Amino acid sequence: MVCSFQCMQAQQGFSILYEQYSLGINNTDTRPRSNRLIVTDSLSFWYNIPENGKDPMKKDTLFGVKDLHHAVLFNNKSRVYYSEVTFPEDQPKYLITDTLESSGWVYFDQYKEILGTRCRAALRVNKQNDSTLAWFAESIPNSFGPFYYMGLPGLVLEVYDQARFRHLKAIEIKKGGFQVIMPRGFILVSPDEFANRRQ
């Protein structure tokens, strides 16, 4: 199924810049990587900034038009997320679609301030006993966050993920008239369908 629809959200939104650190024991590269999250009332768009530090969309206010390998879009109303996978121009582009699994979080009455915003702690432990600690802003009541750290009752501003040896922390928040659209020309597939196509 080819995705040819667009869904535009032109509300007041946020642009959040994150620094990502590796928590691996044997990691010798301590330089942070940068990621960016754009949120509107119902859609979010997350992407990696290249290692050279040049943000390909720094001056943009419309997101979802450019193809970005491994970008993640999230529809807060349907609780569905879409992972962009692009290959050379002669090969198809895919949107891997899946439903967000947001259960399993335990909330704590522990708070800290991130960029002047009061954030609450939430913890989730997976079947392998790896934990994820997230700090979310209840004052920004949408369920967005970087990567797949979504579904909490507030914007996620910091994450410690033991399973992926990852620490993300917001270092800048800007308000603005941002727009997020669903990209055109992608083939919609489930994770299993994508794995079968790539074999």
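Could you list all residues from the range 42-83 that are closer than 23 Å to residue 141 by Cβ and in a strand (DSSP E or B)?
The answer is 43, 44, 45, 46, 63, 72, 73, 74, 75, 80, 81, 82.
Pairs please, first residue from the range 34-51 and over 15 Å from residue 69 (Cα atoms), second anywhere and modelled with pLDDT under 95 and among the basic types (Lys, Arg), Cβ atoms under 7 Å, 6+ apart in sequence or on different chains.
Between residues of the range 34-51 that are over 15 Å from residue 69 (Cα atoms) and residues that are modelled with pLDDT under 95 and among the basic types (Lys, Arg), the close pairs are 42/77.
For the range 92-113, enumerate the residues that are under 18 Å from the mean Cα position of the chain (by Cα) and part of a strand (DSSP E or B).
Applying the first criterion (under 18 Å from the mean Cα position of the chain (by Cα)) to the range 92-113 yields 94-103, 105.
Correct list: 94, 95, 96, 97, 98, 99.
Can you name every residue in the range 68-84 that is over 16 Å from residue 48 (Cβ atoms) and among the charged types (D, E, K, R)?
Of everything in the range 68-84, those that are over 16 Å from residue 48 (Cβ atoms) and among the charged types (D, E, K, R) turn out to be 77, 79.
Only one residue in 97, 86 is in contact with a Lys or Arg (Cβ under 9 Å, 6 or more places away or on another chain), at pLDDT below 95 and β-branched (Val, Ile, Thr). Which one? Working first, answer last.
Details: 97 fails: in contact with a Lys or Arg (Cβ under 9 Å, 6 or more places away or on another chain).
Matching residue, one of 97, 86: 86.
When you look at residue 134, is it at pLDDT 95 or above, among the small types (Gly, Ala, Ser) and either farther than 20 Å from residue 15 by Cα or assigned to a strand (DSSP E or B) (or both), yes or no?
Working: at pLDDT 95 or above: yes; among the small types (Gly, Ala, Ser): yes; either farther than 20 Å from residue 15 by Cα or assigned to a strand (DSSP E or B) (or both): yes.
Judged against the criteria, residue 134 is a match.
Against the condition surrounded by fewer than 22 Cβ atoms within 10 Å (Cβ to Cβ) and without any contact (Cβ under 8 Å) to a residue 40 or more places away in the chain, how does residue 184 come out, does it pass? It would help to see each step written out before you state the result.
Working: surrounded by fewer than 22 Cβ atoms within 10 Å (Cβ to Cβ): yes; without any contact (Cβ under 8 Å) to a residue 40 or more places away in the chain: no.
For residue 184, the condition - surrounded by fewer than 22 Cβ atoms within 10 Å (Cβ to Cβ) and without any contact (Cβ under 8 Å) to a residue 40 or more places away in the chain - is not met.
Go over the candidates 146, 183 one by one and state the one that is outside any strand (DSSP E or B) and in contact with a Phe, Trp or Tyr (Cβ under 6 Å, 6 or more places away or on another chain). Talk me through it step by step, then tell me what you get.
Details: 183 fails: in contact with a Phe, Trp or Tyr (Cβ under 6 Å, 6 or more places away or on another chain).
So the residue among 146, 183 that is outside any strand (DSSP E or B) and in contact with a Phe, Trp or Tyr (Cβ under 6 Å, 6 or more places away or on another chain) is 146.
Select from the range 150-170 the residues that are surrounded by fewer than 19 Cβ atoms within 10 Å (Cβ to Cβ) and under 20 Å from residue 100 (Cα atoms) and list them in ascending order. Break it down stepwise before answering.
Of the range 150-170, the ones surrounded by fewer than 19 Cβ atoms within 10 Å (Cβ to Cβ) are 153, 160, 162-165, 167, 169.
Passing the criteria: 153, 160, 162, 163, 164.
Restricting the range 102-137 to residues that are acidic (Asp, Glu) and either free of Cβ contacts under 8 Å to residues at least 12 places away in the same chain or in contact with a His (Cβ under 9 Å, 6 or more places away or on another chain) (or both), which is farthest from residue 169 (Cα to Cα)? Can you show your working first?
In the first step, residues of the range 102-137 are kept if they are acidic (Asp, Glu); the result is 109, 113, 130.
Of the ones still in play, those that are also either free of Cβ contacts under 8 Å to residues at least 12 places away in the same chain or in contact with a His (Cβ under 9 Å, 6 or more places away or on another chain) (or both) are 109, 113.
Values: 109: 20, 113: 12 Å.
Looking at the filtered set, the residue picked out is 109.
Within the range 145-165, can one find any residue that is among the β-branched types (Val, Ile, Thr) and within 17 Å of residue 34 (Cβ to Cβ)? Spell out how you get there, then give the answer.
Initially, the range 145-165 is screened for residues among the β-branched types (Val, Ile, Thr), giving 156, 159.
Next cut, within 17 Å of residue 34 (Cβ to Cβ) only: 156, 159.
Yes.
Output the qualifying pairs, or none if there are none: Cβ atoms under 8 angstrom, residues six or more apart or on different chains, first residue in the range 82-99 and surrounded by 18 or more Cβ atoms within 10 Å (Cβ to Cβ), second residue polar (S, T, N, Q) and at pLDDT below 85.
Listed pairs, sorted by first residue: 93/86; 94/86.
Tell me which of these residue 94 doesn't satisfy, since it passes every other one: (1) under 17 Å from residue 18 (Cα atoms); (2) touching a helix residue (DSSP H, G or I) at 6+ places or on another chain (Cβ under 7 Å).
Every listed condition holds for residue 94 apart from (1).
The values are calculated or read from the model by the stated rules, or taken from the named source; none is laboratory data. All values reported here derive from a predicted model rather than from experimental measurement. Don't worry about glycine lacking a Cβ; one is built from the backbone with ideal geometry, like all the others, and counts go over all protein chains shown.
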